[in-house]
1. Please report the relative contact order for the chain, taking Cα pairs under 8 Å with a sequence separation of at least 6, and give it as a percent rounded to a whole number.
2. Using only Cα atoms, find the angle between the long axis of helix 4-16 and the longest principal axis of the chain, and express it within 0 to 90 degrees, rounded to the nearest 10.
3. Give the residue from V30, V67, L56 lying farthest towards the positive end of the charge dipole for segment 4-76; charges sit on Cβ (+1 for Lys and Arg, -1 for Asp and Glu) and the dipole is referred to the Cα centre.
4. Between E69 and A14, what length in nm is gained on full extension when 0.36 nm per residue of separation is reduced by their alpha carbon distance?
5. If you wrap a convex hull around the alpha carbons of the chain, what volume per residue comes out, as a whole number of Å³?
6. Under 16 Å from the Cα of K44, which aspartates and glutamates turn up, not counting those fewer than eight places away in the same chain?
7. Pulled fully out, how much extra length does the chain show between V55 and R36, if you take 0.36 nm times their separation in residues and subtract their Cα-Cα distance?
8. Fewest first, what order do L28, L7 take by the number of other Cβ atoms within 10 Å?
Amino acid sequence: MTDRCTLLKSAGEALYGHEWQSAIARDLGVNRRMVRFWATGERKAPEDRMRAVKVLLARREVEVAAVWEKFEDAFPEDTNFPVDTTA
């Protein structure tokens with residue numbers, strides 16, 4: 001099982017990029033300092049906040065899927081083209 005610190009960091013970066021702490025704090029209704037405590041393991045992130053992060057991830061998944069569908073419709077011939085995601 002992955003610890004909460006690692007999960008929070010991974011989710012934060014996936015949702016908001018490298019500077020994720022302020023954005024996730026805003027969306028969770030807490031201050032940045034509390035998010036830093038959770039991210040470093042100084043304090044344990046409460047279960048309700050971790051569940052809220054899960055909801056944020058689910059919403060983003062739906063948003064990305066909707067945009068993907070638009071791209072799929074606009075550029076159907078490119079769907080099998082290899083994409084370098086490291087750039």
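Each reported figure results from applying straightforward, stated rules to the coordinates on display, with no laboratory input. All of these numbers come straight from a predicted model, not from anything done at the bench. Methodologically, a virtual Cβ is constructed for each residue, glycine included, from the backbone with ideal geometry; neighbour enumeration extends over all protein chains shown.
1. Working: 46 pairs, mean separation 22.5, N = 87.
Worked out over the chain, it gives 26 percent.
2. 40 degrees
3. V30
4. Working: separation 55, 0.36 × 55 = 19.80 nm, distance 2.00 nm.
Gain on stretching E69 to A14: 17.8 nm.
5. Details: hull volume 10.9 nm³, N = 87.
For the chain, the hull spanned by Cα atoms encloses 126 Å³ per residue.
6. D3
7. Working: separation 19, 0.36 × 19 = 6.84 nm, distance 2.02 nm.
Gain in length upon complete extension: 4.8 nm.
8. Details: L28 19, L7 15.
Listed from fewest to most nearby Cβ atoms, that is L7, L28.
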